[in-house]
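Input: a single structure, listed below in C-alpha cells.
Bear in mind that the values in this text are calculations on the coordinates, not laboratory data. Keep in mind the model is a prediction, meaning the values are calculated, not measured. Note that each Cβ is placed from the backbone with ideal geometry, even for glycine, and that neighbours are counted across all protein chains shown.
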Amino acid sequence: MKSYSSRDVLRMLLADGWFEVNCVGDHHQFKHPTKPGRVTVRHPVKDMGVRDLKSIEKQSGLKF
C-alpha cells in the first residue's frame, strides 16, 4: 500500500464530498451528505499506518 499523509487523506475526503463536523484534539470527524456514518482522521500525521488507512477505506468507501 502506498504511503499517505493525513493531508493527502483529508484532500481525498473533501473532494469526495465529506465535510468536517467535529474536532477533538488531533482527531477530525467527517460526515457525508448521502453516505452513512462518520470518518475519523488523525491530523497531522506524516505517514499514516496501514491499519488507519484500511479503517478509513471501510468507513468512507474510498480506495487508497
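Within straight cross-link reach of K35, meaning Cα distance under 15 Å, which aspartates and glutamates are found once same-chain residues fewer than 8 apart are removed?
Within reach: D16, E20, E57.
Suppose R0 equals 22 Å. What FRET efficiency, 1/(1 + (r/R0)^6) with r the Cβ-Cβ distance, do K2 and Q29 give to the nearest 0.05?
Efficiency computed from Cβ-Cβ geometry: 0.35.
Based on DSSP H runs of at least 4 residues, each adding -39500 (n - 2.57), what is the mean residue ellipticity at 222 nm of the chain after dividing by all its residues, to the nearest 500 deg cm²/dmol?
So the calculated ellipticity at 222 nm is -10000 deg cm²/dmol.
To the nearest 20 Debye, how big is the dipole of the stretch 6-60 about its Cα centre, given +1 on the beta carbon of each Lys and Arg and -1 on that of each Asp and Glu?
Here the size comes out at about 120 debye.
Considering the convex hull of the alpha carbon atoms of the chain, report its projected area averaged over all viewing directions, in nm², one decimal.
With the hull built on Cα positions only, its mean projection is 3.9 nm².
Quick check: residue separation of K58 and A15 times 0.36 nm, minus the Cα distance between them. What number comes out in nm?
Net length gain for the segment: 13.8 nm.
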